[in-house]
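The structure appears below as structure tokens.
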Amino acid sequence: QHWTVWGGSGILLKTIHHNGAVPYWACMAITNIIVRSSLTPLVIQSAHISSRFAKVAPEVQFLITIFQKDIKGLRDRNESPVTQFLVMKATWQTLSALYKVHKIHPFAIFKAPLMQLPVFWYFSIDLRKIINGADPGLAQSLTEGGLLWVTDLTEPDPWYGLPILGGLLLY
């Protein structure tokens with residue numbers, strides 16, 4: 001048998017399940033906690049970056065307001081596109097310098113979400129592969145390992161209770 005990256009979440013679920021000691025619904029919760037905990041440093045870094053962006057936001061807004069006013073004035077006076085471009089270039093350079101002074105990159109705010117996306121994408125695709133036949137034994141166990149109104153872990157939440165509960169727990 002050749003090795004493949006797919007199936008890692010099934011191995012993790014089976015390891016936590018450990019011959020029935022932990023029900024599969026709890027295994028999924030524990031797996032979620034493990035994965036989210038492993039991403040904590042990334043989330044903390046993202047919070048620091050967001051706070052630095054918040055500090056510079058009033059200056060950026062002021063710069064944008066001045067730029068919009070200048071461009072409107074240039075257009076009202078029918079100035080050439082070259083002049084408008086020079087104003088835009090000067091504003092862009094000022095904005096770049098502002099970010100450099102505050103030691104932030106304009107795209108740094110997207111780093112954490114973009115790095116988390118493949119992890120959660122992998123787990124969702126991998127679980128879907130298990131349910132669709134990659135591991136029939138585990139898929140059968142998941143159909144019988146539910147909790148409360150979600151009796152079958154291979155089917156979506158019929159009453160949307162888990163997404164609503166997740167949304168409420170954010171606040």
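At a glance:
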| read-out | value |
| --- | --- |
| Subset tally (residues that are part of a helix (DSSP H, G or I), touching a residue at least 40 places away in the same chain (Cβ under 8 Å) and of a type in the set (A, V, I, L, M)) for the range 27-72 | 6 |
| Only one of Gln84, Gln45, Gln93 that is over 30 Å from Phe120 (Cα atoms) and open to solvent by 70 Å² or more (accessible area, probe 1.4 Å) | Gln93 |
| Within the range 123-151, considering residues that are open to solvent by less than 40 Å² (accessible area, probe 1.4 Å) and part of a loop (DSSP other than H, G, I, E, B), the one nearest to His17 (Cα to Cα) | Gly145 |
| Count of the range 134-151 residues which are touching a helix residue (DSSP H, G or I) at 6+ places or on another chain (Cβ under 7 Å) and free of Cβ contacts under 8 Å to residues at least 60 places away in the same chain | 2 |
| Qualifying residue in the range 111-122 (condition: surrounded by 16 or more Cβ atoms within 10 Å (Cβ to Cβ), in contact with a Leu (Cβ under 7 Å, 6 or more places away or on another chain) and without any contact (Cβ under 8 Å) to a residue 60 or more places away in the chain) | no |
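The values are calculated or read from the model by the stated rules, or taken from the named source; none is laboratory data. All values reported here derive from a predicted model rather than from experimental measurement. Cβ sites come from the backbone with ideal geometry, for glycine too, and all protein chains shown count toward neighbours. Note: accessible area is taken over every heavy atom of the protein model, side chains too, but ligands, DNA and RNA are not part of it. Shrake-Rupley method; radii C 1.70, N 1.55, O 1.52, S 1.80 Å.
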